[in-house]
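Everything on this sheet refers to the single structure shown next.
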Amino acid sequence: MNDDYLEVRGVCVDFDGFRAIDDVDLTLLQGRLHFLIGPNGAGKTTLVDAVTGLVPASGLIRYRNQDLLRTKPHRIVRSGIGRTFQTATVFEGLSVLQNLDIAGGIHRRAWRMGLARRGTPSYVEEALETIGLTDLRERPAGVLAHGQKQWLEIGMLLVQDARVMLLDEPVAGMSAEEREQTGDLLRRIGSERTIVVIEHDMEFVRSYADVVTVMHAGKVLAEGTVAEIQADPRVQEVYLGR
Ligand code: ADP
C-alpha cells in the first residue's frame, strides 16, 4: 500500500460528555469512491469535522505521515485535504473563473506574488474542463444552476490540489441527469484521489460506491461493497429499519 491513504484509528469526539464519535477505525484508500452512510445523528458530519480539524478529537488521523489531529485546520487544507458542505459555499457575486482563481490562489505562491496574473493558469483551465463549466467561466456563480454550483465547489478543491476530498451530500437537490454527471465527475477525479462522500441518496450510493461505511450511534456498524452492506442483517435492522 502506498502512503496515499487516510487512516483513522480509535477516533473519539465528545460534546459535553456526549460521545458523538466512538472509537472509529477507517482506512480510506486512494482510487476508490468511499461512501459514508447512516441515519441522522450517526456521526458522519462529526467524523468529517474531526478529519478537517473543525472539532477536537482524540485518537489518530494520519495522512502522508502527518497526524491531522495535531495539525491546525489551515495546515490540514495545505496538506491536501479539502471538503465541501451541504450548501455550496461559492462567492455568488464573482465569476466562475474568479472563484477558481481565488481558491487556487490561496495555495499557489506564484498567484499570491502576482506573477500568474497574465491569462488563466493552466490548472484553472483544467479544472474548468473537468467540471464542465468552461463555457460558463465568465458567469457570476450566483446565477449558476444548483448542480453547477456544486461542481464549481468541487472545482475549487481541484485547483487547491486536494488529494483527499470529503463531500457532504453533493447530489442533494440535483436532477437525475445532474446526479449522473456528478457520479461520472467523481469517478474521473477519484481515480487518483481519495474521495469520501456523505450520502443519503441510496440509489446514488448503489450506482457509484466502491466501498460503503455504515455509521450508527457514533460507531462503524459495517463496511464493504454495496452488496455486502445490503446483505448485512445489522444494517437492515438499524439503517433500513427492517
Ligand atoms: P450525521 O452527520 O450522521 O447526521 P452528526 O455528526 O451531525 O450526525 O451528529 C452526531 C451526533 O452528535 C448527534 O447526536 C448530534 O446531535 C451531535 N452533535 C453534533 N454536533 C454537535 C455539537 N456541536 N454539540 C453537541 N452535539 C453535537
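Here are the numbers:
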{"item": "Of residues in segment 34-43 being surrounded by 23 or more Cβ atoms within 10 Å (Cβ to Cβ) and under 13 Å from the mean Cα position of the chain (by Cα), the one farthest from ARG163 (Cα to Cα)", "result": "LEU36"}
{"item": "Residues located in segment 165-189, provided they are out of contact with any helix residue (DSSP H, G or I) (no Cβ under 8 Å at 6 or more places or on another chain) and closer than 18 Å to PHE85 by Cα", "result": "GLU169, ALA172"}
{"item": "Some residue of segment 138-157 being among the acidic types (Asp, Glu) and in a helix (DSSP H, G or I)", "result": "yes"}
{"item": "In segment 192-219, residue nearest to PRO170 (Cα to Cα) [restricted to those that are within 13 Å of the ligand (Cβ to nearest atom) and charged (D, E, K, R)]", "result": "GLU199"}
{"item": "Whichever residue in segment 70-97 is surrounded by 18 or more Cβ atoms within 10 Å (Cβ to Cβ) and not small (Gly, Ala, Ser) and, among such residues, is nearest to GLN30 (Cα to Cα)", "result": "ILE81"}
{"item": "Residue check for GLU180: acidic (Asp, Glu), surrounded by fewer than 23 Cβ atoms within 10 Å (Cβ to Cβ), in the same structural domain as ASN40 (by TED's automatic domain parsing) and modelled with pLDDT of 95 or more", "result": "yes"}
{"item": "Test: residue in segment 211-233 that is closer than 30 Å to VAL124 by Cβ and either of a type in the set (A, V, I, L, M) or in contact (Cβ under 8 Å) with a residue 60 or more places away in the chain (or both)", "result": "no"}
{"item": "Any strands (runs of 3 or more DSSP E) falling wholly within segment 25-92 and containing at least 1 residues that are at pLDDT 90 or above and within 11 Å of the ligand (Cβ to nearest atom)", "result": "33-37"}
{"item": "Residue list for segment 137-156, restricted to those being in contact with a helix residue (DSSP H, G or I) (Cβ under 7 Å, 6 or more places away or on another chain) and either assigned by TED's automatic domain parsing to the domain that holds ARG188 or more than 14 Å from GLN181 (Cβ to Cβ) (or both)", "result": "ARG137, GLU138, ARG139, ALA141, MET156"}
{"item": "Failed condition for ASP16, given (1) without any contact (Cβ under 8 Å) to a residue 40 or more places away in the chain; (2) buried (at least 16 other Cβ atoms within 10 Å of the Cβ); (3) within 16 Å of the ligand (Cβ to nearest atom)", "result": "(2)"}
{"item": "Search result, residues across segment 191-210 that are outside any helix (DSSP H, G or I) and either free of Cβ contacts under 8 Å to residues at least 24 places away in the same chain or of a type outside the set (A, V, I, L, M) (or both)", "result": "SER191, GLU192, ARG193, THR194, GLU199, HIS200, ASP201, ASP210"}
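The values are calculated or read from the model by the stated rules, or taken from the named source; none is laboratory data. Predicted model, so just to flag it, every value in this text is computed and none were measured. We place every Cβ from the backbone using ideal geometry, glycine too, and count neighbours over all the protein chains shown.
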